[in-house]
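The values are calculated or read from the model by the stated rules, or taken from the named source; none is laboratory data. These figures come from a predicted structure and were not determined experimentally. Reconstructed Cβ throughout: ideal geometry from the backbone, glycine too, with neighbour counts over all protein chains shown. Just so you know, the surface numbers come from the protein's heavy atoms only, side chains and all, with ligands and any DNA or RNA stripped out. Shrake-Rupley method; radii C 1.70, N 1.55, O 1.52, S 1.80 Å.
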Amino acid sequence: MARRTVLLVLAVVIGLFGAGAVGLYVSKADSRAQAGQQQETVLVAKKLIKSGTAVDVAEKQGLFKPTTMATKDVPPDALSDATSIAKLQAVSDIYPGFPLVPAMFSQTNAATGELTIPDDKMAMSVQLTDPERVAGFVVPGSRVAIFVTFDVNASGTKDGQTEDVTQLLLQSVPVLAVGQESLRTETNGSGDSNASNSKDAVPVTVLTVAVSQDEAGKLAHGAQVGKLYFALLSPQSATHPANAPVSADSILKAK
């Protein structure tokens, strides 16, 4: 009888120890999961905010509200309150689910020709054709990654050989404005400069982005020595610092 009692007590102790160990493991797992999923509260569009809508009107109508999001999904300059944009208006349609950022708003409409630039940035414009600007889907308030394709041997150091490479130039840049579309003639040696009549004419749009001084230097040089491509980012898009340039050789070797 005494032996049974001892065995019973031992089984209870082992059970309690096991339950405690499981509980400790689950607690640590939850802590690790929470550490990897930090959250913050930012303003997010809940309904369509049409271009030209004043921020105070949008706020009264409940078109945007503070929302808790995973930190990894929040743009670097996302707004946590509407204080800094209280007297502004949307420069383009803002769709539900998008965090609000300063570049989405301006003091006046586009007809005035004025442009609101973030305090720590400068505005810079580049010309892009439709494929280079994501077929026209880039609008004011969009965020883009910018790539550049250029001839790495353009200096002529390899006996005139050419080797085009593509490199990520800027990770995430806000678009301030989209200019009017025009036509640019791709010359074919005929000397015909009449873009409206040329079958080789392509539509070109001027896009203005907000960049730092260092970014402006990279963008200017990239436009001078190569061809720029804009990649449209969503609130969940992930970009990483530039790795090795992509070339024909690296593509062929890729698994």
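Expected output is a single nm value to one decimal: the length gained when fully extending between Val206 and His221, i.e. 0.36 nm times separation in residues minus the C-alpha distance. What is it?
3.7 nm
With a 1.4 Å probe and every protein chain left in place, tell me how much accessible area Tyr229 has, in Å² to the nearest 10.
It works out to around 80 Å².
Can you give the accessible area of Ser84 in Å² (nearest 10), computed on protein heavy atoms with a 1.4 Å probe?
Estimated to the nearest 10 Å², Ser84 gives 80 Å².
Quickly rank 243-252, 45-54 as a protection proxy: mean count of other C-beta atoms within 10 Å, highest first.
Sorting 243-252, 45-54 by mean packing, highest first, produces 45-54, 243-252.
Could the peptides 216-222, 68-74 be put in order, highest first, of the mean number of other beta-carbon atoms found within 10 Å of their residues?
216-222, 68-74
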